[in-house]
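What follows is a single structure, written as structure tokens, with notes after it.
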């Protein structure tokens, strides 16, 4: 056995950090400077869901499934986001919807007994963290989870799920698609709405999982109630961030935009996941520093240490911000050719 080391699983924070499509740009002001005052003091104004961060139940719902008022950050146990953990590497196509079947397959592939997941942290490595930048590849076209994955986490009684993508849900389950108050339905790489692009690539039946009205039109109210009825029964919109709500509504917290040197952690190997959000009174979530505490001998030795160049300045280069988003998008749109 080697020595215990800490591996950073956090994207670096700064004024130019990539952020969710309708979030404000971090404003970082130097209140004091070394030359003038002999100290460096900075003031930061930003949405707390920027970069690698934690979600609390109150972020997405008023009530949890047991009827209690949804809890704030300060009301969660101090170790809610921390504990024994395992990485599941998910085999998923670009823009794919991760379901219970993908999670079952990952457990089987990496020798994880699902009964051992109770009270543990599950980290999903979909590869999306390598595309982290201000880009359509990372935000519009991320692979992501939905209601079936959320119910899988609940069934297996995990304590926390940390994902390496833009949110705990597939982008079309969010306001980037046709859900939520804003219903942005953003324009994609073709110049058409991403909802129309998805239908063209995957079909109307597949798209309907992301759209309440479409699901009911195609599959009927009874089928919708079977899939999303437990969410609707507690007063939330079923197709709007259902994985968030299945998890958080059952007290399973989440971490979004996991990154850093995640690829150095082998799938199926147990380690300690460290993550502590601010003890923010009435908080909905918090930026956090995440790390893996693991035996050095277990790390994947052929994975280089991650470097970052935001804003496309190193995008897709060998020594830059991970994989090429352009290649990812091309692979997506050429899937049927």
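Every number in this text was worked out from the coordinates using simple rules, so none of it is lab data. Just so it is clear, the model here is predicted, and its values are computed rather than measured. Quick reminder, even Gly has a Cβ in these numbers, built from the backbone with ideal geometry, and neighbours come from all protein chains shown.
Worth a mention:
- For the options 102, 53, 140, a Gaussian network treatment of the chain with springs between C-alpha atoms closer than 10 Å singles out 102 as fluctuating the most.
- Multiplying the residue separation of residue 157 and residue 63 by 0.36 nm and subtracting their alpha-carbon distance yields 31.9 nm.
- Between residue 270 and residue 233, the modelled labels are 3.4 nm apart [label points 7 Å from Cα along Cα→Cβ].
- Per residue, the chain reaches -6000 deg cm²/dmol at 222 nm when only DSSP H runs of four or more residues are counted, each adding -39500 (n - 2.57).
- Rounded if a/c under 1.5, otherwise prolate or oblate - segment 55-131, Cα gyration tensor axes: prolate
- Distance between segment 124-145 and segment 154-230 - C-alpha centres, whole angstrom: 16
- Global form of the chain, assessed from the alpha-carbon gyration tensor, a/c cut-off 1.5: rounded
- Highest-fluctuation residue, 77, 277, 21 considered, GNM on the chain with Cα pairs under 10 Å: 77
- Candidates 180, 260, 285, ranked by Gaussian network fluctuation over the chain, Cα under 10 Å, top entry: 180
- Theoretical gain in end-to-end length, residue 3 to residue 187 [0.36 nm per residue, Cα-Cα removed]: 61.4 nm
- Cβ-to-Cβ counts within 10 Å put 190, 99, 145 in ascending order as 190, 99, 145, the fewest first.
- Legend: P(r) of segment 1-148 from all alpha carbon pair distances, 10 Å bins from 0, whole percents, reading 8, 25, 36, 22, 7, 2, 0.
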